[in-house]
Amino acid sequence: MKRQIGIVTLLFLMGCTPEQTNEGTEPRVSEESTRNESETDRETGTTKESGLEIGEVTTVAENLAIPWSLVRTEDGWLVSERGGTITVIDGSGGVTRQDVNFEESVFEIGEGGLLGLALSEDFESSGKLYAYHTYGSSGRNVQNRVVELTWDGERFEETNVLLDEIPGARFHNGGRLLLDGENLWVTTGDALVPELAQDESSLAGKIIRIPLSGEGEPTDWIYSLGHRNPQGLSRIDDMLYASEHGASGHDEVNMIEEGNNYGWPIIEANQEQEGLVTPWFEVGDTSWAPSGIATDEQYVYMATLRNKRLVAIDRETKQVTTIVEDVGRIRDVWLEDDTLYFISNNTDGRGTPQPQDDQLYQVTIR
């Protein structure tokens, strides 16, 4: 579904519309309209037809401020917050909010701000991690950048720039990071200009593989194109999965392969055209607004914002199982052994915050 750049620009000036973002601006739909056969049986705690046994949801930490990305440390967690801070959570759930010394100030606008985090493999000794953030200001060109940070136990300091001048906007900034060996994977949104997703000279609407060696030019690092607003990324068995917001419903999970074109804005959902890839999974007419994902041998676990659920999608059958549905908007998820950790995102202006929101939760699955 191709858009004209002039129309997109006009809508940007007018503010967010339902077609621009599925994160939660559309009219509320009834909870019944998104139920499915795999809904959790409240009496037994076992999800119908899936065989998953789901434990009780418990709180790990409270009072987070618009959290976006969740990463595990040796003795706790780091959580990025859209306003530009990183919260350090210790093993007992204690929360310490830390400022970050960026060379370019974080610009919190719409869905932009401090977004993805990824830890270096030697983080415990080096203190190195990577961050994705929006910068610029009203009246200036909004962009995004990927930087290296160093944590000295007291403060986060920018120590290197891996990639900058990624097109940005009020919405559709992408922002998920995934470190895999010597490569850092990055998702970027179309920055409200859909045609950029098909432009091989632009970093917008892409999944990018940055070699930590820095070898090559940024456009050489483009791994796949034709993405609208991918916000989840996970790798297992040499397969890369990415979750992505659709234009109005039809959110996707794609299996990402090098050089593939995933169609936006030429096709979406299950539309077909030669040379373009249809999604591995799509949600249908009603948006879920997917964000962070995690994977294991059987499932893709996906945090959803508008759908307000943490779900498991069977990698073989694509059957959907609801794991959590009572904490509001869910932004990111982390899998460790038989436990899923996830963060709520109710304080971003689109949710309904409860006391002590936002929170880091955990739930066991077997």
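Size descriptors for the stretch 227-353 (Cα atoms only): Rg and Dmax, in that order, 14.2, 45 Å.
For the chain, the tally of Lys pairs with Cα-Cα distances below 20 Å comes to 4, considering only residues 8 or more apart or on different chains. The Cα atoms of the chain give a gyration tensor whose axes a ≥ b ≥ c have a/c under 1.5, which makes the shape rounded. Backbone phi angles across the stretch 97-103, fed through the Karplus curve with coefficients 6.51, -1.76 and 1.60 (θ = phi - 60°), yield HN-Hα couplings of 8, 10, 6, 10, 8, 8, 6 Hz in residue order; Gly and Pro are listed as x.
Taking neighbour Cβ counts within 10 Å as the exposure measure, how do LYS308, LYS206, LYS128, LYS318 sort from fewest upward?
Values: LYS308 24, LYS206 29, LYS128 16, LYS318 12.
Sorted ascending by nearby Cβ count, the order is LYS318, LYS128, LYS308, LYS206.
Working from label points 7 Å from Cα in the Cα-to-Cβ sense, the ALA65 to GLN271 distance is 4.2 nm.
Could you work out how much longer the chain between ASN141 and THR58 gets when fully extended? Use 0.36 nm per residue separation minus the Cα distance between them, nm to one decimal.
Numbers: separation 83, 0.36 × 83 = 29.88 nm, distance 4.21 nm.
Gain on extension, ASN141 to THR58, equals 25.7 nm.
Put a dot 7 Å past the Cα of VAL161, heading toward its Cβ, do the same for ASP90, and the two dots end up 3.7 nm apart. Looking at the square roots a ≥ b ≥ c of the eigenvalues of the Cα gyration tensor of the stretch 201-289, which shape do they give, rounded for a/c under 1.5, prolate if a/b is larger than b/c, or oblate? Since a/c reaches 1.5 and a/b is larger than b/c, the shape of the stretch 201-289 is classed as prolate.
The length gained by stretching the chain between ASP220 and GLU124 to full extension, at 0.36 nm per residue less their Cα-Cα distance, is 31.5 nm. If R0 is 30 Å, the Cβ-Cβ spacing of ASP337 and LEU212 corresponds to a FRET efficiency of close to 0.60. Label the stretch 85-134 by shape, choosing from rounded, prolate and oblate, from the square roots a ≥ b ≥ c of the eigenvalues of the Cα gyration tensor; if a/c is under 1.5 it is rounded, and otherwise prolate applies when a/b is larger than b/c, oblate when it is not. Here the stretch 85-134 falls in the oblate category. In the chain, the calculated helix contribution to ellipticity at 222 nm averages -1000 deg cm²/dmol per residue, counting -39,500 (n - 2.57) for every DSSP H run with n ≥ 4.
Arranged by the count of other C-beta atoms within 10 angstrom, fewest first, what order do MET255, MET239, MET302 take? Write out the running numbers ahead of the final one.
On the way: MET255 16, MET239 13, MET302 30.
Fewest-to-most ranking of MET255, MET239, MET302: MET239, MET255, MET302.
If R0 equals 35 Å, the separation of the Cβ atoms of ARG97 and ASP238 corresponds to a calculated FRET efficiency of about 0.40. With each label modelled as a point 7 angstrom along the Cα→C-beta vector, the ASP326-GLU104 pair spans 4.4 nm.
Every number here is computed from the coordinates shown, using simple stated rules; none is lab data. Source: prediction; values computed, not measured. Note that we place each Cβ from the backbone using ideal geometry, even for glycine, and neighbour counts take in every protein chain shown.
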